[in-house]
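Down below is the structure, laid out as structure tokens.
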Amino acid sequence: MAPAPPLPGAVVAPPLLRLEGVHTHIGAYHILHGVDLAVPEGEVTMLLGRNGAGKTTTLRTVMGLWRASAGRVLLAERPIQALPTPEIAQADIAYVPENMGIFGDLTVRENLLLAARRARSLDDLDTGRLDWLLGLFPALRKFWLHPAGKLSGGQKQMLAIARAMVEPRRLLLIDEPTKGLAPAMIRNLIEALREVRRGGAREEQPTTVLLVEQNFMVARALGDSVAVMDDGRVVHAGRMTDLAEDEALQHRLLGLSLAAHQ
Amino acid sequence: MLETRDLTIRFGGHTAVDRVSCAFHPGTLTAIVGPNGAGKTTYFNLISGQLGASSGQVLLDGEDLTRMAAPLRTRRGLGRAFQLTQLFPTLSVLENVRLAVQSRRGEGLRMLSVWLNHRELLDEAMAIVERVRLTRRADAPAASLPHGDQRKLEVAMLMALRPKVYLFDEPTAGMSVDEVPVILDLIRELKAAGQHTILLVEHKMDVVRELADRIVVLHNGQRVADGEPATVIASPVVQSAYLGLAMPEAA
Amino acid sequence: APQEIRIAHVYSRTGPLEAYGKQTQTGFLMGLDYATGGTMTVAGRKLVVIEKDDQGKPDVGKSLLAAAYGDDKADIAVGPSSSGVALALLPVAEEYKKILLVEPAVADSITGDKWNKYIFRTGRNSSQDAISNAVALDRPGTVIATLAQDYAFGRDGVKAFKDAVKKARIVHEEYLPTTTTDFTAGAQRLIDKLKDQPGRKVIFIIWAGAGNPFKIADLDLKRHGIEIATGGNILPAMAAYKALPGMEGATYYYFGIPKNPVNEWLVANHYKQFKAPPDFFTAGGMSAAIAIVEALKKTGGDTATPRLIKAMEGMSFETPKGRMTFRAEDHQAMQSMYHFKIKVDPAFPWGVPELVREIKPEEMAIPLRNKR
Amino acid sequence: MTVLRSLLSHDLPRSRVLAALLLVTVLALALAPFVFPGTKALNVAAKILVFIVLVASYDLLLGYTGIVSFAHTMFFGIGAYGVAIASTRMEPGFAALAAGIGGALVLSLLLALVIGLFSLRVKAIFFAMITLAVAAAFQGLASQLSDFTGGEDGLNFRLPALLSPSTEFLEEPLLGVSVDGRLLSYYLLFVVAAVLVLALLRIVNSPFGRVLQAIRDNDFRAEAIGYRLVTYRTLSTLLAAVFATLAGALLAIWLRYNGPDTSLSFEIMLDILLIVVIGGMGTIYGAVLGSALFVLAQSYLQDLMRIGGAAVADVPVLSQLIAPERWLLWLGVLFVLAVYHFPTGLVGRLRQRRSGP
Amino acid sequence: MALAAEPVPKTRFDAIPLLLIVAVALAALPLVGSATSWATLTIAGLAMGLIIFVIASGLTLVFGLMDVLNFGHGVFIALGAFVATTVMGAMGGFVASPSLAANLAAVAVAALAGIVSAAALGVVFERVLVRPVYGMHLKQILITMGGMIIGEELITLVWGAQMIPLQPPESLRGALLIGDVAVEKFRLLAVIVGLAVFVGLLWLLNRTKLGLLIRAGVQDREMVESLGYRIRRLFVAVFVAGSGLAGLGGVLWGLYQQSVIPQIGAQVNTLIFIVIIIGGLGSTLGCFAGALLVGLMANYCGFVAPKVALFSNIALMVAVLLWRPQGLYPVSSR
Ligand SMILES: Nc1ncnc2c1ncn2[C@@H]1O[C@H](COP(=O)(O)OP(=O)(O)OP(=O)(O)O)[C@@H](O)[C@H]1O
Ligand SMILES: Nc1ncnc2c1ncn2[C@@H]1O[C@H](COP(=O)(O)OP(=O)(O)OP(=O)(O)O)[C@@H](O)[C@H]1O
Ligand SMILES: [Mg+2]
Ligand SMILES: [Mg+2]
């Protein structure tokens, strides 16, 4: 399947993050076969695709956790594919990995404290922002001083998301955040991401989001633009609204059938 | 029949499962739902023996399993698929499944025969691998599978155990939409066979609505609702605490 | 044509006793040089030394000695540094029917119950050590407590010492694990045992290897009038003696003590070569070399084992320690020991043992322990 | 071919080079008395045989079950002391040998049982450290019980006449080698070692062996599919102990001596660990290649350095570095480089190259 | 903080192990019998415990934070001790001087040199040996052992194989008499140093983000980097700190032993491993408690039943682990 050209006029905002012909190998395996992807500034971009399509690999390549063997990764037009991971992160990116990356031995509080790069102690944190987060995910407040490893699956997921949002960031990369979350929490999450993108009262700037998601309902509710991957390539890129309306396209790209979701 | 009586576990001051009494009958599928941290996984852990109860009992066909170690419970017929995938990462997909088959057949202690000569185990394992559509990956190490395939392997190991009671903990989480039906079909088949007791933790309400004969709702470790799917879903506690619908500002 | 005479020297070139092994080797080579008058030949036959490193491991030593006798066709062997290795070597000498001249391993059983007729020893044995010390300390009215390592070596040493003490009274034996690093507990027990005793009070220490038992002196033993006594040691270890001026004991060798031409040659040449005095084991190595050359001279260069044994039994020879004699019964070299008293001299970084009295071989009744 | 296949329990080398190396090693060991004459060479070959069994038994524990234990030399020592003590206390003969080995096996099994059960109570890393201390304590005990064990000095003993070097079977040397008790001992060692290694190969390739690997990978999951850790871990510990004990007995038979440094020292434990890693964990074949290489290096490095040292005798620092006294330095360097460059061991590395079946 | 308005109660400080030390000391009193003997033993044991603590603290720090099992720890101890012999040798005047200040200056310079050289060796160790094997215990054990062999040999090459005397300066020798209780002066110095190290470490670990970061880095290094921290540098820093502490410990130990041999580090290896296991593998407080217990037990056993002293450490370890399978102060989930 040839990659579908971006729809004309699709890019409204200039891309904050751009991947150009990115190839990634893991050991002897060639996983990404030339990914082209643009994440417009100030939008939520959904990255969809079947299991094994290479979504996680794409995010990890952006973070420098796996190295692109060819192609470029540009953040605000600056190539970052050769930088070490900490420097990529310091370019104001937050990342929620697929496996959540919780520090199980540390308490919830310590996990959050670490995510706040600028804070030396919790007193340095923006209390308003913290209150807002803990309001979204009350379980974290409840288990504030517990080792994070003891949390339930969903609670860990909340912590991972909260950690990425504890300070404002320019770009958020999130890998399957709704996995394991109860419906009420998914609602809260959608709410939070919308707020973050808006660059609401607390934000210094709007945050751009690149979100990997399996749940199409969530994708539709949140996404501004969308890219669909298959077999290590981006096979479709465009506006979310267009994809949401075109059931045939959904079926072709994602294997969605009406039976599989409400 | 699987039964729990006043099953309770406390971690320090926190009661994660609080006096839950419930009976589950063969041929039925019960969905266990509840908010994150409600105690669903912990409840499973108590049933399958990963955790020891603070008080209460677990009974299977009248036999008290409460003090029994996990492997023995497995042999009594309690099978479990985990929420956070648990595989043998360096072993191949086929070997993961084969080990489960071997355990069920009680052949783990043979030291003087060569495993490759036990064809029947291999064939049976291969059949299961095919059923979860992992044939193409049969020889790949489990660690190299993408997340969705790992979930399928997790389920495949449970199938290989052929237990009396199946405990599924969010089997489809992180699985892409086109793969979900593979798992759901498997569960449907099990249910249709009629003699298995199936417990399913799942956050996808459409799945629950379609598959479940009965829904048990856990909240703060307690059983707060139990019954027909339609009635339970409509109940206020599920609508507000779980689905979050009663909060108008969150719509 | 006269062939060469091959001498294997098995010693700890590496391993925990590396420093000792090196001294023996130096002394041995110097001894050959001295005894052959620099020609390295005896009766026209050239002496060749084959070095083997037992690493302080008995099994390695055993295999090396067998290889030396078997593969390298050594006529005679010298060594090793540690008693454990020596005991493993004894049957090899018997198997190959070749002489093993033990130097400097000290265990009594080497010339005792584990002995066979191919074994000679120039080094002193534990009994000689213990008995000479007993002779040095044994006075009426003296009260002695012993402090030793809790294993066979320590217990044997104390036993030999006790057997030799006739006039003094032994009131306590303290054994501590070989790994002891904190000696406070042992010291406190000794103090409690000794402090109320009448007369001269001495703690006699037999200690080899790690740990520094002389630290017990730091506990201010003087306030109870308790003295410490011990035998000689290598020079670096005698640094600890600086804190114990006036301490008495008996030593096997200290370069400043024996007055004879051999020792004078050794000290002078050692200074010349190494800018340092010869140490404890250097003298032993030299004695072993002299013994071999003297024996070969007696046989006229014949290396046939029976002839060598015959030549060596009862043979006397001049060493840096004066005249030694291989006792015919157990092939142990009878030799002088030296009763010393420590003096602190700022010119030396160690406590200097000053000769009180040479204890002649005749004065020590060294028991025969082999079953011949 | 099928015979070989079932002899090797279907676990073929899976690499031409590996197969060739194994063949060379086995042939060299089989023909050692004839091809490499001399006392030292034969001693080295015998040591290799003993280490192959010892290391393979440890591989069962470490490579296949994932248990890190520093107490393995304890069992090795028990085997060696069993033979040594029985042979000194009883009339030297096969009865003494049998009694010694039998007694040693019983003691080893008991200790292994205790240790195996303890391993379930504490975490892996704690277990490793505890075994370290236990091994040290055992060594202390062996030295304390000097009436039995000969203490630090160890025990020299005699063997049944059939196995002692003074027994000559042929008047004339065969192919330049005298056919005596020593030669017989060597071949006894060779045959026993071969049988033991093949037995271990069978065990690790049995259904039981596969469970051990599963436990190594994820013990939580193994329990959840019905394997009891207690049973499998303990059995693995027991088996490893039995094989190590037998290796110890072989060592004692060969050396006709045993002492704490010879069979109990931490240094030997370290050698075992290193050989397993160099050879390749969880392969058994690694034990064969690793032992051969390591023992050779250990035995001949010093000789090699003597030659090298003579060549650079005038270069100031270098000559000191290459002096034979410093052979351990270079062994240490080899040690580090091996761990570095063969992360999967020699066998793993050779198999990666996928050269033929 | 307002935020933690209704947090679930935090686990309280666990004083039982510290009380245990007191209990052991009190229980020993009737066994020892005489009060002066008891006091001598107790004071000496506590001081010895603190020396052991300094030696072991680096190891437990490196293990607790970085999950690296450094079997080569002994080499840093040996290096510290050998450097001290050189420095003290060069400062002969200060050492021999009757003035306490001059004496202490010599010891301080020696300690500093010991720390610096061990730390420098630590950099090399971390770069060359440990870095490739983070996360792999077995390989860490092997490679650090290899490093230890190399280090010991190099030390032998530089300083020779023979024992080198290391006499503490004049005013630190001998004992102070308090009544009939003799307290070695050197042990008093060790107490001061040990306590300073202990307090310093606790502060660093509990009052700064550093400890957190490194613990997190061990669990999921990628994640810490993804949060924007250069964990590499921190790891080096911790390893170097651990090595430096070992160097300091080596200086103290050498001065205590009054002589130094290349195997000095290897000789204490088992002892310090036992101490950090008792403490809980990685806990500084645990290491402290464990070291004091070991120091005391060695003296009490040595006095009451010397035969038992050989096994007292191991018995203590087994007893502690039967009571608390993860040591006195468990470091969670390891
Ligand atoms: N460590 C690895 N070794 C080998 N192959 C890998 C590894 N990790 C991932 N892969 C392969 O890379 C491909 C892409 O995987 P990736 O995890 O990026 O997919 P994904 O789109 O995130 O899938 P999912 O929705 O299941 O998370 C898969 O085919 C997978 O098998
Ligand atoms: N070992 C433990 N120690 C302390 N608390 C625990 C432990 N295990 C679980 N908990 C707590 O018990 C509660 C129930 O957890 P559980 O994993 O059963 O939730 P769950 O219903 O499965 O949630 P989710 O839908 O998020 O998976 C959680 O609050 C969790 O923090
Ligand atoms: Mg993914
Ligand atoms: Mg759960």
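Tell me yes or no: at least one residue of the range A:36-51 is part of a loop (DSSP other than H, G, I, E, B), more than 16 Å from ligand 4 (Cβ to nearest atom), within 12 Å of another protein chain (Cβ to nearest Cβ) and modelled with pLDDT under 90.
Yes: the range A:36-51 contains one or more residues that are part of a loop (DSSP other than H, G, I, E, B), more than 16 Å from ligand 4 (Cβ to nearest atom), within 12 Å of another protein chain (Cβ to nearest Cβ) and modelled with pLDDT under 90.
Give the residues of the range A:168-186 that are away from ligand 2 (no atom under 16 Å from the Cβ), within 11 Å of another protein chain (Cβ to nearest Cβ) and not hydrophobic (A, V, I, L, M, F, W, C), sorted by residue number.
A:Arg169, A:Asp175
Given the criteria closer than 26 Å to E:Pro262 by Cα and surrounded by 23 or more Cβ atoms within 10 Å (Cβ to Cβ), does E:Gln140 qualify?
So E:Gln140 passes the test.
It is to be established whether one or more residues within the range C:37-49 are touching a His at 6+ places or on another chain (Cβ under 9 Å), more than 28 Å from C:Thr251 (Cα to Cα) and at pLDDT 95 or above.
yes
So, restricting to strands (runs of 3 or more DSSP E) that lie completely within the range C:275-372, which ones have at least 1 residues that are within 15 Å of C:Tyr118 (Cβ to Cβ)?
The qualifying strands (runs of 3 or more DSSP E) are C:322-326.
For the range A:109-161, give me each residue that is more than 14 Å from chain B (Cβ to nearest Cβ) and within 16 Å of ligand 1 (Cβ to nearest atom).
none
Considering each of B:Ala212, B:Ala156 in turn, give the residue that is in contact (Cβ under 8 Å) with a residue 12 or more places away in the chain, among the small types (Gly, Ala, Ser), away from ligand 4 (no atom under 16 Å from the Cβ) and touching a strand residue (DSSP E or B) at 6+ places or on another chain (Cβ under 6 Å).
Being in contact (Cβ under 8 Å) with a residue 12 or more places away in the chain, among the small types (Gly, Ala, Ser), away from ligand 4 (no atom under 16 Å from the Cβ) and touching a strand residue (DSSP E or B) at 6+ places or on another chain (Cβ under 6 Å) holds for just one of B:Ala212, B:Ala156, which is B:Ala212.
Residues in the range B:159-172: is at least one in a helix (DSSP H, G or I), assigned by TED's automatic domain parsing to the domain that holds B:Val58 and of a type in the set (Phe, Trp, Tyr)?
Among the residues of the range B:159-172, not one is in a helix (DSSP H, G or I), assigned by TED's automatic domain parsing to the domain that holds B:Val58 and of a type in the set (Phe, Trp, Tyr), which makes the answer no.
Looking only at the range A:66-91, count how many residues are of a type in the set (Asp, Glu) and either buried (at least 20 other Cβ atoms within 10 Å of the Cβ) or more than 19 Å from A:Ala38 (Cα to Cα) (or both).
Total meeting the criteria: 1.
Here are the criteria: (1) surrounded by fewer than 23 Cβ atoms within 10 Å (Cβ to Cβ); (2) within 13 Å of chain E (Cβ to nearest Cβ). Tell me which single one D:Gly63 does not satisfy.
If we test D:Gly63 against (1) surrounded by fewer than 23 Cβ atoms within 10 Å (Cβ to Cβ); (2) within 13 Å of chain E (Cβ to nearest Cβ), just (1) comes out false.
Report yes if C:Ile144 is in a helix (DSSP H, G or I), at negative phi and in contact (Cβ under 8 Å) with a residue 60 or more places away in the chain, otherwise no.
No, not satisfied.
When you go through (1) within 14 Å of another protein chain (Cβ to nearest Cβ); (2) free of Cβ contacts under 8 Å to residues at least 60 places away in the same chain; (3) away from ligand 4 (no atom under 16 Å from the Cβ) one by one for B:Ala230, which number turns out not to apply?
It is condition (1) that B:Ala230 fails.
Go through the range B:31-52 residue by residue and tally those that are more than 16 Å from ligand 4 (Cβ to nearest atom) and surrounded by fewer than 21 Cβ atoms within 10 Å (Cβ to Cβ).
1
Return the total of residues in the range A:126-167 being in a loop (DSSP other than H, G, I, E, B), within 11 Å of ligand 2 (Cβ to nearest atom) and either surrounded by fewer than 21 Cβ atoms within 10 Å (Cβ to Cβ) or hydroxyl-bearing (Ser, Thr, Tyr) (or both).
Final tally of qualifying residues: 1.
If you scan the range C:80-101, which residues turn out to be small (Gly, Ala, Ser) and in contact with a Lys or Arg (Cβ under 7 Å, 6 or more places away or on another chain)?
C:Ala88
What pairs can you find where one residue is in the range C:180-194 and facing chain E (nearest Cβ under 7 Å), the other is small (Gly, Ala, Ser), and their Cβ atoms are less than 7 Å apart, with a gap of 6+ or different chains?
C:Asp182/E:Ala44; C:Asp182/E:Ala298; C:Thr184/E:Ala44; C:Ala185/E:Gly302; C:Gly186/E:Gly302; C:Gln188/E:Ser37; C:Asp192/E:Ser37
Among the residues of the range B:100-127, write down those that are without any contact (Cβ under 8 Å) to a residue 40 or more places away in the chain and within 7 Å of chain D (Cβ to nearest Cβ).
Correct list: B:Gln102, B:Glu107, B:Gly108, B:Leu109, B:Arg110, B:Met111, B:Leu112, B:Ser113, B:Val114, B:Trp115, B:Leu116, B:His118.
With the condition kept exactly as written, say whether any residue in the range A:187-196 is polar (S, T, N, Q), more than 15 Å from the chain's Cα centre (by Cα), part of a helix (DSSP H, G or I) and within 16 Å of ligand 4 (Cβ to nearest atom).
Checked the range A:187-196: no residue is polar (S, T, N, Q), more than 15 Å from the chain's Cα centre (by Cα), part of a helix (DSSP H, G or I) and within 16 Å of ligand 4 (Cβ to nearest atom).
Looking at A:Met63, is it surrounded by 17 or more Cβ atoms within 10 Å (Cβ to Cβ) and either at pLDDT below 85 or touching a strand residue (DSSP E or B) at 6+ places or on another chain (Cβ under 9 Å) (or both)?
Here the answer is yes, as A:Met63 does meet what is asked.
For A:Ala162, work out the one condition from (1) within 16 Å of ligand 3 (Cβ to nearest atom); (2) small (Gly, Ala, Ser); (3) not assigned by TED's automatic domain parsing to the domain that holds A:Thr207 it doesn't fulfil.
Condition not satisfied by A:Ala162: (1).
Where in the range A:198-242 are there strands (runs of 3 or more DSSP E), lying wholly inside it, with at least 3 residues that are within 16 Å of ligand 3 (Cβ to nearest atom), crowded, with 22+ Cβ neighbours inside 10 Å and modelled with pLDDT of 90 or more?
Answer list for the range A:198-242: A:208-212, A:225-230.
Tell me whether the range B:140-147 contains one or more residues that are free of Cβ contacts under 8 Å to residues at least 12 places away in the same chain, farther than 30 Å from B:Arg5 by Cα and at the interface with another protein chain (Cβ under 9 Å from one of its Cβ atoms).
Yes: the range B:140-147 contains one or more residues that are free of Cβ contacts under 8 Å to residues at least 12 places away in the same chain, farther than 30 Å from B:Arg5 by Cα and at the interface with another protein chain (Cβ under 9 Å from one of its Cβ atoms).
Scan the range C:160-185 for residues that are more than 23 Å from E:Val181 (Cα to Cα), of a type in the set (Gly, Ala, Ser) and assigned to a helix (DSSP H, G or I) and jot them down.
C:Ala160, C:Ala164
Among the numbered criteria (1) touching a Ser or Thr at 6+ places or on another chain (Cβ under 7 Å); (2) more than 16 Å from ligand 2 (Cβ to nearest atom), which one does B:Gly56 miss?
Among (1) touching a Ser or Thr at 6+ places or on another chain (Cβ under 7 Å); (2) more than 16 Å from ligand 2 (Cβ to nearest atom), B:Gly56 violates only (2).
What is the residue count in the range B:160-176 for residues that are polar (S, T, N, Q) and away from ligand 1 (no atom under 15 Å from the Cβ)?
Going through the range B:160-176 one residue at a time, the tally reaches 0.
One line per residue, one yes/no per condition, for (1) more than 16 Å from ligand 2 (Cβ to nearest atom); (2) touching a helix residue (DSSP H, G or I) at 6+ places or on another chain (Cβ under 7 Å); (3) over 29 Å from A:Pro168 (Cβ atoms):
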{"site": "A:Gly52", "(1), (2), (3)": "yes, yes, yes"}
{"site": "A:Lys55", "(1), (2), (3)": "yes, no, no"}
{"site": "A:Ala70", "(1), (2), (3)": "yes, no, yes"}
{"site": "A:Val73", "(1), (2), (3)": "yes, yes, no"}
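Count, please, the residues in the range C:115-152 that happen to be of a type in the set (Lys, Arg) and crowded, with 20+ Cβ neighbours inside 10 Å.
The qualifying residues number 2.
Run C:Asp71 past the list (1) within 21 Å of C:Ser287 (Cβ to Cβ); (2) of a type outside the set (Gly, Ala, Ser); (3) touching a Ser or Thr at 6+ places or on another chain (Cβ under 8 Å) and report the number of the one that doesn't hold.
(1)
The values are calculated or read from the model by the stated rules, or taken from the named source; none is laboratory data. Predicted, not measured: the structure shown is a model, and the values here were computed from it. So basically every Cβ, Gly included, is an ideal-geometry build from the backbone, and we count neighbours across all protein chains shown.
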